[in-house]
Amino acid sequence: MREIKFAAFLTEHCQMGKTFTIEDLIEMGSKPFNGNVKWLQYAGFHDESGDQVEVFESDIVELEYEGETHICEVKYEGSGFMFVADSLADGYLWASEVIEFDGSYCWAEGVRVVGNVHSRQGLAPKEGADKHE
């Protein structure tokens, strides 16, 4: 089963903060954040980079698919996560099309996280060398 967790994007500082499990959030309540946080849901898989970066909604990813490179936003729509880009044939690709699983680890084949839409220019690297903390 997919681990349920969220990354905190600190809106005042325009940067990624820590990652919290659902249990962490229930325990803390909302007091420590004062509404200055945008919560980004974990997609349940990692990118294919050697850094094993967790993929969250609103991430900007480089997607290698059918011999072409696409710069996409990760979005949750309806029943799952998708990569969205005008350069894709339908404007999107369901993440399940490129997910690989070896029994203990789940990753998206041909996907590398390069930033987050909430960062200053969208393609700015995430805090901690492209990693969510």
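The values are calculated or read from the model by the stated rules, or taken from the named source; none is laboratory data. Predicted model only: the values in this text are computed from it and were never measured. For neighbour counting, all protein chains shown are included, and Cβ atoms are generated from backbone atoms with ideal geometry for every residue, glycine included.
Just the residues that are of a type in the set (A, V, I, L, M), modelled with pLDDT of 95 or more and more than 17 Å from E57 (Cβ to Cβ), please, taken from region 73-127. Across region 73-127, the qualifying residue is only L88. Do we have M16 as touching a helix residue (DSSP H, G or I) at 6+ places or on another chain (Cβ under 7 Å), in contact (Cβ under 8 Å) with a residue 40 or more places away in the chain and part of a strand (DSSP E or B) here? Yes.
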